[in-house]
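Written below as structure tokens is the structure these notes are about.
The values are calculated or read from the model by the stated rules, or taken from the named source; none is laboratory data. Treat the numbers as computed from the prediction; the structure is a model and nothing was measured. Note that we place each Cβ from the backbone using ideal geometry, even for glycine, and neighbour counts take in every protein chain shown. The area values use the complete protein model at the heavy-atom level, side chains included, leaving out ligands, DNA and RNA. Shrake-Rupley method; radii C 1.70, N 1.55, O 1.52, S 1.80 Å.
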Amino acid sequence: MRLEAQPAKIGRGNAVLHPQHGIGRVQSVNEADFNGANGTKFARLFFKREALTLFLPVKDAEQAVRQPVNREQARQILDHVETCRPTTRKQWKARAAEHEEVLGRCDPFECAEVFKGLQHLDAEGSLRHTDRAHLNQAMDFLADELSFALGKSPDKVRQIITRAAGGTKA
């Protein structure tokens, strides 16, 4: 299962999702002269999780951010966490490269598979440092996006995700 990503709607107050920074809000859209770009429209985005303000040329928005998932999609993602059977490569370098690529694509269904596969490796006691970083990154990404869609705290959503990955619903 894969997410059919919707382009972000760049307008004041709209929510966006950035692969590295999570859920953000468009604070404003203005023309500005910046770094040789005269009269370019920029969106000012604020990402609460990192207390980060990012200025993004509106013309680059489609490649940089997407619309967050809705409540129905969030439930589908949680079901996927529970039912997916990810295959995790044994060779750590290949696994790390694959996970890096998947996490960069910002697809919550794929991130759920990374999380669940690495959680199972963690239970076996065979996580490497890079695996641990990817496990945490996948969880942060999922918790941020799903908490927004479900209207629950990130901590509560982390518990729900962890239970779903273990095969029991929250």
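Ranking Leu127, Leu17 by solvent-accessible area of protein heavy atoms (1.4 Å probe, all protein chains present), from largest to smallest, gives Leu127, Leu17.
Amide H contacts of Phe42: Asn30, Glu31, Ala32, Val58, each under 5 Å away and 5 or more positions distant or on a separate chain (H built 1.01 Å from N in the peptide plane; Pro and chain starts excluded). Restricting attention to the chain, lysine pairs at least eight places apart or on different chains and with alpha-carbon atoms under 17 angstrom apart total 8. Summing charges over all other residues whose Cβ lies under 11 Å from the Cβ of Ala133, with Lys and Arg as +1 and Asp and Glu as -1, gives -1. For region 90-170, what % of the accessible area comes from carbon and sulfur atoms, probe 1.4 Å? Taking all protein chains in place, region 90-170 shows 50 percent carbon and sulfur surface. If I take R0 = 22 Å and measure r between the Cβ atoms of Phe46 and Gln6 in this structure, what FRET efficiency does the formula 1/(1 + (r/R0)^6) give, to the nearest 0.05? Rounded to the nearest 0.05, the efficiency is 0.60. Mean separation of Cα pairs under 8 Å and 6 or more residues apart, divided by the residue count, gives the chain a relative contact order of 21 percent.
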